[in-house]
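Have a look at the structure below, then the notes.
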Amino acid sequence: MAILNSLMSWYLKKRLSNIERFMLRSADAQDEVLLNLVHKAKDTEWGRLYNYHAIATADQFKRMVPIGNYESHQPWIERVMKGEQNLLWPTEIKWFAKSSGTTSAKSKFIPVTYESLDECHFQGGKDAMLMYFNNNPESTVFDGKGLILGGSHQLNKFSSESYYGDLSAVMMQNMPFWAQFFRTPDLNIAIMENWDDKLEKMARATISDDVTSISGVPTWTLMLAERVLALTGKQTLKEVWPNLELYIHGGVSFTPYRQRFSQVIGNSSMHYLETYNASEGFIGIQDNLHSDELLLMLDYGIYYEFMPMSEYGKTHPKTYAIDEVKVNEQYALVISTNGGLWRYIIGDTIRFTSINPFRFRISGRTKHYINAFGEELVIENADQAIEQTCRRLNIHITDYTAAPVFHDDKSVGTHEWLIEFADCMLDEETIIQVLDEELKKCNSDYEAKRYNNIAMTKPLLRKLPKNTFNQWLKQKGKLGGQHKVPRLYNDRTYVDEILLMIHQINMAYEAN
């Protein structure tokens, strides 16, 4: 196995020169990506509609192709799901990633082409391991198995020839045969649809494996870890899997979970690596384990435009190319991809921390923020404040969400935080006092609105019973896989749903 580990390290490191090339010549790399995309799609129905034959520059592309979103792409995607081809992309499309960026009832189905799998998602996975080896050359991660905690897939309802599921499941189903050798559990368990059954079978199937790495969304990974510990009677994962050295995470910020993972894993030498692999494309990788910045991957067949949040929602918003962006400004991502998405607003916002090379942090979602009173609270602020609160009070959370509270005259209001704790004996007042202080530290607009309670009063906190968020997600058919709880929302849709569910459970309990 040591020889195999060395061979894999050598194979992965052959990519380094390509990565160094786009880091040094980012604008050229992106221009090349765009022209390749336009050339390949010029004879598709979309390409003919927007005269791709006449596009030779990025400026022409921006003038001739409108900015869109899922709603504008949806009629095209539905036609592809019913079996039509050569609409958005020239090669056959038969796989679709069911997007779970929110818990809204309306699902999104993102086309997954051969090119987007091979040149983007799979290449991103290999590059993530390359970054890890580059940071940790003594790694023996390939001497054991990688535990991949993904979603499920099934036949879709439009065509017997097309399939959909969580991106992770689509990727596992299409992995080359040699890659299956390095992963656990067996595929028939990994893509099971029923989350409760899958969790139990995954735990039992992997206990005796030599697991050296884990990949998955933090919330579901913690659930699996706790089940493994319960079955084995061990206190930490290090006792179950002594060679475990790497956790690859993404989907939500790791910041609020870091302390809890350290406690559960019980290995001070554990390495954590973040990736940003959305259903629409693989976008960023943490290339330095000592920094939480992500390197923007510029040669995966994705052309990027960056829309300042001041332009978001306008009829004709301005966007900027990679060589026009500035550090510390919030941008909504607009992408064109080898999966057949064109000038597509992905829904995430990022903030560049460096432009030589281009590194960034995910700052939130275009629709997931709170700005009811001018406080402009984004997910990045909330995660940071939660992490510092947990650190100061030595407590751990399972999940959280927050929304505004409007008082009767609507001139002064506050925020209501619903937090489910892994372990916490402290009262709500103690926790909210510290959380309020930390929010003021990381957001000057919030601090200004809280001054003397003029625009906002101290937040409210509700400590939720254990398993509340899982019950809510299960009620919505969103339990497991890549599904996640929306952190912030500018109205009370999600918060009121959760509170109503708790009330109904309590009423039923009292009735019995």
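Derivation of every value follows stated rules applied to the coordinates shown; laboratory data play no part. The shown structure was predicted, so the numbers you read here are calculated from the model rather than taken from an experiment. Note: ideal-geometry Cβ built from the backbone for every residue, glycine included; neighbour counts use all protein chains shown.
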- Task: Indicate, rounded to the nearest 5 percent, the antiparallel portion of the DSSP beta bridges found entirely in the chain.
- Result: 65
- Which listed pairs, of 463/484; 14/238; 62/126; 108/198; 198/466, have C-alpha distances above 27 Å, in listed order: 14/238; 62/126
- Query: How much length is gained if the chain between residue 353 and residue 143 is pulled fully straight, taking 0.36 nm per residue apart and subtracting their Cα-Cα distance, in nm to one decimal?
  - Reply: 72.1 nm
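With 10 angstrom as the radius, rank 316, 53 by how many other C-beta atoms surround their C-beta, starting from the fewest. Don't skip to the end; give the middle numbers.
Values: 316 7, 53 12.
Fewest to most other Cβ atoms nearby, the residues stand as 316, 53.
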- Under the definition of Cα pairs under 8 Å and six or more residues apart, what whole-number percent is the relative contact order of the range 1-366? 18
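Note the full-extension length gain between residue 310 and residue 197 as 0.36 nm times their separation in residues minus their Cα-Cα distance, in nm to one decimal. Kindly include the intermediate steps, with their values, before the conclusion.
Values: separation 113, 0.36 × 113 = 40.68 nm, distance 4.57 nm.
In short, 36.1 nm is gained.
Just want the ordering: 3, 505, 110, from fewest to most Cβ atoms lying within 10 Å of their own Cβ.
Working: 3 8, 505 13, 110 26.
Ordered by Cβ neighbours within 10 Å, fewest first: 3, 505, 110.
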- What's the FRET efficiency of residue 7 with residue 457 using the Cβ-Cβ distance as r and R₀ = 41 Å, to the nearest 0.05? 0.10
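What's the FRET efficiency of residue 28 with residue 78 using the Cβ-Cβ distance as r and R₀ = 22 Å, to the nearest 0.05?
Values: r = 37 Å, r/R0 = 1.66.
Once the sixth-power term is evaluated, E becomes 0.05.
If you stretched the chain out fully between residue 493 and residue 323, how much longer would it get, using 0.36 nm times the residue separation minus the C-alpha to C-alpha distance?
Details: separation 170, 0.36 × 170 = 61.20 nm, distance 3.89 nm.
Contour length minus Cα-Cα distance gives 57.3 nm.
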- Using alpha-carbon positions, what is the distance between the centroids of the range 173-229 and the range 59-77, in Å? 37
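Could you order peptides 203-210, 240-247, 382-389 by the average number of other Cβ atoms within 10 Å of their residues, highest first?
Details: 203-210: 15.6, 240-247: 20.5, 382-389: 22.2.
Final packing ranking: 382-389, 240-247, 203-210.
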- Query: In whole Hz, what ³J(HN,Hα) sequence does the range 134-141 give by Karplus (6.51, -1.76, 1.60; θ = phi - 60°), x for Gly and Pro?
  - Reply: 5, 7, 9, x, 8, 4, 10, 4
- Query: Is the shape of the range 235-311 rounded, prolate or oblate, going by the alpha carbon gyration tensor and its root eigenvalues a ≥ b ≥ c, with a/c under 1.5 for rounded and a/b larger than b/c for prolate?
  - Reply: prolate
- Footprinting exposure proxy for 39, 407, 415, 249 (fewest neighbouring C-beta atoms within 10 Å first): 407, 39, 249, 415
- Message: Just to be sure I understand the model, the point goes 7 Å from the Cα along the line to the Cβ. What's the resulting residue 45 to residue 210 distance in nm?
- Response: 5.3
- Message: Per residue of the range 55-68, what does 6.51 cos²θ - 1.76 cosθ + 1.60 with θ = phi - 60° give for ³J(HN,Hα)? Whole Hz please, x for Gly and Pro, Karplus curve as stated.
- Response: 8, 10, 9, 5, 5, 5, 4, 5, 6, 9, 10, x, 6, x
- Item | Part-to-part distance (alpha-carbon centres) for the range 110-153 and the range 437-512, which is given in Å | 34
